[in-house]
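The values are calculated or read from the model by the stated rules, or taken from the named source; none is laboratory data. If you're wondering where the values come from, they're calculated on a predicted model, not measured in any experiment. When we count neighbours, we look across all protein chains shown, and the Cβ atoms used for this are built from the backbone with ideal geometry, even at glycine.
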Amino acid sequence: MYTVVQKHMGWIEVICGSMFSGKTEELIRRMRRAQIARQRVEIFKPQIDKRYSSTEIVSHDDQKLPSQLVRNAQKIIPLSLEAQVVGIDEAQFFGKSLVNVCQKLANMGKRVIVAGLDMDYRGEPFKPIPELLAIAEDITKTHAICVICGNPANYTYRKTSSTDQVVIGAADIYEARCRNCYRPAQRVRKKEKRK
């Protein structure tokens, strides 16, 4: 008769949606529950995002948890060796290497919770979130409220004319919009030129 030794299984959870949909708030909720369960946690965010704090992840409704800024996704692994639960906020800013990092962490037996935008301001998939959705064991899609009509919002509308994919900002630059009220920037500009 063989004895099976059960190794602690790791997994990946992805929280995605538009801006102002509560992604960071949900990440904070899950990380706090892990802390209540006396699990060792580490939380990371990209160095590019210092909107509210450089030492905490901060939701738009001002909930906070201590975090570490990292320059790239590879830095997360050595900083997470003692953690049982790893939280990663603003995942869309880490690039494709985050997929490998999350796989490695989960294979090490860690619970990995990732929050990020699944679409950019043009309404196109925001990598690496689509790849993370494909390998995740658990997916949560959050929705904001459309600032135009009040329906559930799934899109992030940019109010400025910048065409860069990454422009760090909050309500000063972005709005949450539903499918009916959202107009990709290119289509809006083309219509404005015709007038």
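Here are the numbers for this structure:
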| item | result |
| --- | --- |
| Strands (runs of 3 or more DSSP E) contained in region 97-184 and holding at least 2 residues over 25 Å from ILE43 (Cβ atoms) | 155-158, 174-177 |
| Conditions (1) over 25 Å from LYS141 (Cβ atoms); (2) surrounded by fewer than 22 Cβ atoms within 10 Å (Cβ to Cβ); (3) out of contact with any Pro (no Cβ under 7 Å at 6 or more places or on another chain); (4) not hydrophobic (A, V, I, L, M, F, W, C): number failed by LYS64 | (1) |
| Every residue from region 65-99 that is within 16 Å of the chain's Cα centre (by Cα) and of a type in the set (S, T, N, Q) | SER67, GLN68, ASN72, GLN92, SER97 |
| Qualifying residue in region 134-143 (condition: surrounded by 16 or more Cβ atoms within 10 Å (Cβ to Cβ) and either free of Cβ contacts under 8 Å to residues at least 12 places away in the same chain or farther than 30 Å from ALA106 by Cα (or both)) | no |
| In region 93-102, the residues that are surrounded by fewer than 24 Cβ atoms within 10 Å (Cβ to Cβ) and touching a residue at least 40 places away in the same chain (Cβ under 8 Å) | PHE93 |
| Residue within region 44-59 that is in contact with a helix residue (DSSP H, G or I) (Cβ under 7 Å, 6 or more places away or on another chain), buried (at least 21 other Cβ atoms within 10 Å of the Cβ), more than 20 Å from ALA136 (Cα to Cα) and touching a residue at least 40 places away in the same chain (Cβ under 8 Å) present | yes |
| Residue in region 103-124 that is over 13 Å from the mean Cα position of the chain (by Cα), within 30 Å of LEU79 (Cα to Cα), buried (at least 22 other Cβ atoms within 10 Å of the Cβ) and among the β-branched types (Val, Ile, Thr) present | no |
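Okay, residues lined up against (1) charged (D, E, K, R); (2) in a loop (DSSP other than H, G, I, E, B); (3) touching a Gly at 6+ places or on another chain (Cβ under 8 Å); (4) modelled with pLDDT of 95 or more:
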{"residue": "ALA34", "(1), (2), (3), (4)": "no, no, no, yes"}
{"residue": "GLN39", "(1), (2), (3), (4)": "no, yes, no, yes"}
{"residue": "PHE44", "(1), (2), (3), (4)": "no, no, yes, yes"}
{"residue": "ILE48", "(1), (2), (3), (4)": "no, yes, no, no"}
{"residue": "TYR52", "(1), (2), (3), (4)": "no, yes, no, no"}
{"residue": "ILE57", "(1), (2), (3), (4)": "no, no, yes, no"}
